[in-house]
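The values are calculated or read from the model by the stated rules, or taken from the named source; none is laboratory data. Since we're looking at a predicted model, the values are computed, not measured. Backbone-built Cβ (ideal geometry, glycine too); neighbour counts: all protein chains shown. For the accessible areas, the whole protein counts, side chains as well, though only heavy atoms, and no ligand, DNA or RNA atoms are used. Shrake-Rupley method; radii C 1.70, N 1.55, O 1.52, S 1.80 Å.
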Amino acid sequence: MIATLSEALPLGTAAAVTRAAYGLLRRRAPGGRGRWERTNYAGRTVGLYGGPAVVLGTAAAAVTAPGLSARTRGAAALAVLAAGGCGAYDDLAGAGDPRRGFRAHLSALRDGELTSGAVKLFGIGAAGLAAGALLKHRPLDKALAGVVIAGAAHVVNLVDVRPGRAPAAVLAAAAPGLLRSGPAGALSAAPAGAAAAVLADDLRERSMIGDAGAHALGAGLGLAVAAGYGRTGLAAHAAALVVAAAAGDRISRAAGAVGA
């Protein structure tokens, strides 16, 4: 059950903007349909239309949610749009690159190659820290909030390995936040509404959210956590996300095995 109108409004906004953007992208396909098509795990051709739609829906809902301060709105816009933009860059520039995970991209960087995955990694990390600095006042809290935002963006992307996994995981993770009042509830509603809007199409393999959508949804979840917890809660979430990132391959395999 949603606590108040403060959660219902961004939930509806996210869903409406996501569906509108998704429909427009499917009809227009800027740059041609080939630019948007990818082959999924089962060898089927699937469009990436859900990704940018989710970015726009999450950002629009978070920025316009009632009861948020100007700094929180700024943090939301920065984190979600930067995470989505970096993910979109990797979706396009790294389409043919089989390398995945921190280790692969950092190894390439040590060899003098800047991969699209490394750009995404550092870009989302920097945006998370900047957003955390807007949300919190003390240096340690700013850093912890940044880790939570960037870490959540990465972990949601880790589970985006089969149809519906990432949107369903976002809905499950956002559900407790929808029962909270204040900024945490409003910010939880933004990724939840966007994820709900694309879940059916993702499950039916009509579309996928790609890195753009997964990272934007994760950043939205991280924002909700960062806005709703003090230092102890932030530290606990940051530690859990760092552990999950370190176990990335196992997280992805487990997500792929669910319902298989």
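Before moving on, here are some points about what is shown:
- Within the option set Leu187, Leu144, Leu179, Leu221, being of a type outside the set (D, E, K, R) and over 15 Å from Ala75 (Cα atoms) holds for one residue only, Leu179.
- Scanning region 1-46 for residues that are buried (at least 20 other Cβ atoms within 10 Å of the Cβ) and part of a strand (DSSP E or B) gives a single hit, Val46.
- Count - residues of region 156-177 that are open to solvent by 30 Å² or more (accessible area, probe 1.4 Å) and either outside any helix (DSSP H, G or I) or of a type in the set (A, V, I, L, M) (or both): 9
- Scope region 139-155; condition in contact (Cβ under 8 Å) with a residue 12 or more places away in the chain and open to solvent by 40 Å² or more (accessible area, probe 1.4 Å); matching residues: Leu140, Lys142, Ala143, Val147
- Test: Leu109 is open to solvent by 60 Å² or more (accessible area, probe 1.4 Å), assigned to a helix (DSSP H, G or I) and at pLDDT 95 or above: no
- A count restricted to region 62-82 and to residues that are touching a Lys or Arg at 6+ places or on another chain (Cβ under 9 Å) and open to solvent by less than 20 Å² (accessible area, probe 1.4 Å) stands at 2.
- Exclusive hit being open to solvent by less than 60 Å² (accessible area, probe 1.4 Å), over 21 Å from Ala83 (Cα atoms) and at pLDDT 95 or above, set Ala224, Ala235, Ala190: Ala235
- Among the residues examined, Pro52 does not qualify as farther than 23 Å from Arg204 by Cβ and either modelled with pLDDT of 95 or more or of a type outside the set (A, V, I, L, M) (or both).
- When restricted to residues that are at pLDDT below 95 and under 15 Å from Met208 (Cβ atoms), region 166-187 contains 0.
- Comparison of Gly57, Gly132, Gly74 shows that the only residue that is within 25 Å of Ala255 (Cα to Cα) and at pLDDT 95 or above is Gly57.
- Scanning region 232-244 for residues that are of a type outside the set (A, V, I, L, M, F, W, C) and more than 23 Å from Ala62 (Cβ to Cβ) yields a total of 1.
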